[in-house]
Every structure is written in structure tokens, then in C-alpha cells.
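FYI, it's all coordinate maths here, none of it is from the lab. Quick caveat, the model's predicted, so the values are computed rather than measured. Don't worry about glycine lacking a Cβ; one is built from the backbone with ideal geometry, like all the others, and counts go over all protein chains shown.
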Number of protein chains: 2
Amino acid sequence: MSTEPAAPKPPMRDALVAAAFQLFLERGYEQTTVDDIVALAGVGRRSFFRYFPSKEDVVFPDHERCLADMTAFLAESSDDEPVRRVCDAVRIVLRMYTENPTFSVQRYRLTKQVPGLRAYELSVVWRYERAFADYLRDRLAGRPDGTLRADVVAAAVAAAHNNALRSWLRSDGEGDASAALDHALGYVQQAFAGPRAPHGEEEPEDVVVIVSRRGAPMWRVVREIESTLEQD
Amino acid sequence: MSTEPAAPKPPMRDALVAAAFQLFLERGYEQTTVDDIVALAGVGRRSFFRYFPSKEDVVFPDHERCLADMTAFLAESSDDEPVRRVCDAVRIVLRMYTENPTFSVQRYRLTKQVPGLRAYELSVVWRYERAFADYLRDRLAGRPDGTLRADVVAAAVAAAHNNALRSWLRSDGEGDASAALDHALGYVQQAFAGPRAPHGEEEPEDVVVIVSRRGAPMWRVVREIESTLEQD
DNA sequence: GACACAGATGGCACTCAGTGCAGGCCGAAC
DNA sequence: GTTCGGCCTGCACTGAGTGCCATCTGTGTC
């Protein structure tokens, strides 16, 4: 749990990842044994499992750190506009992919073919989604369907991210992933923004009505105005 | 690929499931070996892997059939209102759970504790979600963001289902899961239905904002006020 | 009844992932 | 130098999953 600002960087770990991917790309994931990897890396078999709890983990060497970064980002963020915060958080995840395009594309081709790796990736994505949902649940606790909204919005944000990411990966890391994600998140935010009138993109709304019953608390009025104005 | 209307029902398969769950509940999933299961069921070890490709599969013995039923339902359904069709399809999945409450609750407790089973369940849920997304993608092909909408709606429907299912499972199968699912799907449909303001049924909005840009025709202001006021 | 045949089953040996344990190497502290 | 603690290695073991072949069982045929 030593939260150093920068890890001391273990070279053996990187050597294992490099050796593993070299073999995975040469002969495939299932045709490569852990013994092959450690032989190529020139280390003992036991050391592999010291750095990676399973053979699958070597394919996703940076997700653990990314997940920690993302939860830290959510933890330190302010409480207003939680949906927007989650959208910002998911951009951190995308950045981890786009920082190493070739590596991400290679991994994508692997996970697309190997069912075991796909299942592992699902569990990783699920942990991100859980982090979103937990964050949203806390902020939406008072609302009518707090946990339901939290779960659905978290799933929608994750799906939007995956959609943008996949199309970027399919283009061999050529397109603008960040713009695609912004667009996808715009769709999600438009669908879930405020309880009132999610406007379709065509016919941009230039007329919206405000009605406040006597006795409605002022914070609700303010919240409603804010969510209405922020929607574009 | 023999698509019989009703499978001949292999008794050995059921015996294996029964023996497995008995041992899983007694000593836990990871403390039970396949040898233990086949010994209790009185069959050969090789037969276990004939019926279940892995130890995890015995925990979800009916998902394969349910997935087939659901995709068949989607395949035979008409093309209008695809989102509603997907919502109907997910009810089939919930029904599979509610048909065997005690079994489902037992399995829920297992998957909650064992990470490997949770990962397996995620891959199952993912296949449902993919079926939704594929169905929606075909119907939304022409629309602006066809695949994006398909992915996001599919994820939202699956999340709504999981939310309703989990709360039902947590209540030991006592509550009304179907009603909870209807409610959750109502939220999702309200978020994604049509471009125009679908009002949520509960939480009657007592605060609504009106914004009218200069130059907006008066009849639009009047229409918006009228439709807002008449909503209850 | 003898025979052939196909499908289901059981037994055996094997690969490989993952773990526990004991020992060796090395740099730091004393 | 010595001791200590962390990192690495080798070894043996468990258990999941697979391939191969023998066996059993029911069925149809002559």
C-alpha cells in the first residue's frame, strides 16, 4: 500500500510483459505456456507469479494502476454534477489506452480471439463500472431511484466508452479516440441530463418552461435551472 | 444442432448439478474438487467434463438454454419499437431466475463470494448484452449514431435488469421481481424514448424551468407552457 | 442366439496453471 | 565480519481440463 508518487519501476516486470507479448503474437496466447515466457525472459517461473497473479494478468499490466488513479480522481472530486464527474473519470481510462496505441491494438486483437482474455477484460471493465456506480450511488442517495439511476448511468457511461474505444482500436489507433468519446458521452449525458425533457439534437429547443409550485424548496429550483442550462 | 422442442432430459446432468451444489454449500466452491462432485454423484470424472466444459459451468446450468430462448425471441420479433422488444426480451431472463427462487438465491450467494464465479457470470451477462446490442444495431442501422445507441441502450437495459434482479436476490426471493424490473425498464425507456420529454410517472415535477430565447415565436412559448401545465 | 454397430460411459495418462516451502543470493545495517 | 531482510530460484504438489482407448449397453439384423 505504499502510495509513492512514482513507483520504483521494476525492470523484471517489464521484461516479463515484453517476453509474454512477443510469444503471444508469435504463436498465440493459449499456445504459450508460462514456462515459455519465463524461459525467454530468463527468470525463474516462480517470479512470474510474484508479479502477476495469473497468466491473464500479464496481458493487462497497467489496469490496476489505472483503476487506482480513477478511483482517486473520483474520491477527490466535488459533489456537484456527479454525472459529469464520471464522464471525466472515464476519460482517464481512455487515456491509458491511447498513451500506448500499438500496445493497445495488439492487446485488442488478442482479447478479441481468446475467450479467456475477453472474460478477464470484462471483469476489469466491471470494476470500473462498479467504481462509477458506487460514486454515483453516494451522490444520488437521496433521489427517488438512487441506486437504479447510479447503476444505469454507470453502465451507459461504460458502454459509451467501450464503443468509442473499440472503434478507435479497430482503426488501428488512427482516429481521434478522445473526440469519439466526447461525442458518445454527449449522447449519454443528453439522455440522462436532468429529470426533464432530454432534447433530441434536431429541433434545438429554444423554449423551455419553468413552473415552480408554491412551497417548492429553492435548491430544487436552482438545481433545475442549472441542469437545464448546462445541457448543451 | 438438433433443435428439439424439448430436450430428452439427461438425468446424469441433473445429478451432477445437485451433487455440486450440495458440496458447494457445505464446504464452499473452491474447497470442492471435481473429483468430490463425481464421487458424490457416483459417476466417472470424465463424464463431468462431458456435460460441463468447466467447473464453473455447473453453477449456471440453464443459461445456455435461456440465451438461446432469448435470441430466438428477438429473431422472431417484429422490427418496430426495437427498444421495447429488448425490454421484453430481458424479462425472459428474469423469469429464468424467478422460476427457481431457492436455486437462484443459493447461486447468488456463491457468486457473490467467489471471484471466479463472478467473472464467469459477467461473461454470461455480456453475452445477453451483446445479443441486445446486435439486435438493436440492425434496427438502428440507418440512424445517426446507430451502433452507439445500440450499445448504450443494451447496457442500460442490462443494468436495469441486474439492478432489479439483485435487489430481488438480496431479499431472498421474496419481493416482486417482475414489478421491480418493470419500474427499472420504465426509467430506461423514459431516458431513451423519443426525442421529446417523456415524463416520469412518479416524482411529479414541481419545478420546471422556462428559457425563451429572444425571437422565439410566441406560439411556441404558449404551447410549451400549456403542455407543461397539463401534465398532471 | 450370434453379430455388428453406435452412443454413452469410465479409466488412465498427460499438460499446464497456480501454490507452498525451503534454500540461495545480495545489499544494507550493525 | 555478521546478521538481517528482501528478492529470486527450484522443487514438489494440487487440481482443472484433454486425448485416447476400453467397456458397457441398447438396438437392429440375420
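In terms of other Cβ atoms within 10 Å, B:16, B:117 run from fewest to most in the order B:117, B:16. About its Cα centre, the dipole of segment A:10-59 is roughly 220 debye, where the only charges are +1 on Lys and Arg Cβ and -1 on Asp and Glu Cβ. How much FRET efficiency would the formula 1/(1 + (r/R0)^6) give for residue A:35 and residue B:26, where r is the Cβ-Cβ distance and R0 is 45 Å, rounded to 0.05? Efficiency, rounded to the nearest 0.05: 0.80.
Modelled spin labels at residue A:65 and residue B:100, positioned 7 Å past Cα toward Cβ, are 4.5 nm from each other. Going by Cα centres, segment B:43-114 and segment A:115-185 are how many Å apart? Rounded to whole Å, the Cα centres lie 24 Å apart.
Just check segment B:22-145 against the gyration tensor rule for me: Cα atoms, a ≥ b ≥ c as the square roots of the eigenvalues, rounded for a/c under 1.5, and otherwise prolate or oblate depending on whether a/b exceeds b/c. Because a/c hits 1.5 or more and a/b exceeds b/c, segment B:22-145 counts as prolate. Each residue in B:70, B:96 was given a count of other beta-carbon atoms within 10 angstrom of its own, and listing them fewest first yields B:96, B:70. What the pair-distance distribution of segment B:73-144 shows, using all Cα-Cα distances binned every 5 Å from zero, is 3, 14, 20, 19, 15, 12, 9, 5, 2, 0 percent.
Projecting each Cα onto the charge dipole of segment A:60-192 (Lys/Arg +1, Asp/Glu -1 at the beta carbon, about the Cα centre), which of A:177, A:74, A:111 comes out farthest on the positive side? Farthest towards the positive pole: A:111. In order along segment A:22-34, phi translates into HN-Hα couplings of 4, 6, 4, 6, 6, 10, x, 5, 6, 7, 9, 9, 4 Hz, rounded to whole numbers, per the Karplus curve 6.51 cos²θ - 1.76 cosθ + 1.60 with θ = phi - 60° and x for Gly and Pro. Restriction of the GluC sites (Glu not before Pro) in segment B:108-185 to DSSP coil positions whose beta-carbon has at most 11 other beta-carbons within 10 angstrom yields B:174.
Residue by residue, segment B:87-104 carries 3J(HN,Hα) couplings of 4, 5, 5, 5, 5, 4, 5, 4, 4, 4, 5, 6, 5, 10, x, 5, 4, 5 Hz when phi is fed to the Karplus relation 6.51 cos²θ - 1.76 cosθ + 1.60 (θ = phi - 60°); x denotes Gly or Pro.
Each residue of segment B:153-161 is assigned a 3J(HN,Hα), and the resulting list reads 5, 4, 5, 5, 5, 4, 5, 4, 4 Hz, derived from the Karplus form 6.51 cos²θ - 1.76 cosθ + 1.60 (θ = phi - 60°), x at Gly and Pro.
Given R₀ = 30 Å, FRET efficiency for residue B:50-residue B:18 by Cβ-Cβ distance, to 0.05?
Working: r = 17 Å, r/R0 = 0.57.
With R0 = 30 Å, the Cβ-Cβ based efficiency is 0.95.
What number comes out for the charge environment of residue B:130, summing +1 per Lys or Arg and -1 per Asp or Glu over other residues with Cβ under 11 Å away? Mind showing how you got there, number by number?
Details: positive: A:118, B:127, B:137; negative: B:129, B:134, B:151.
Computed value for this residue: 0.
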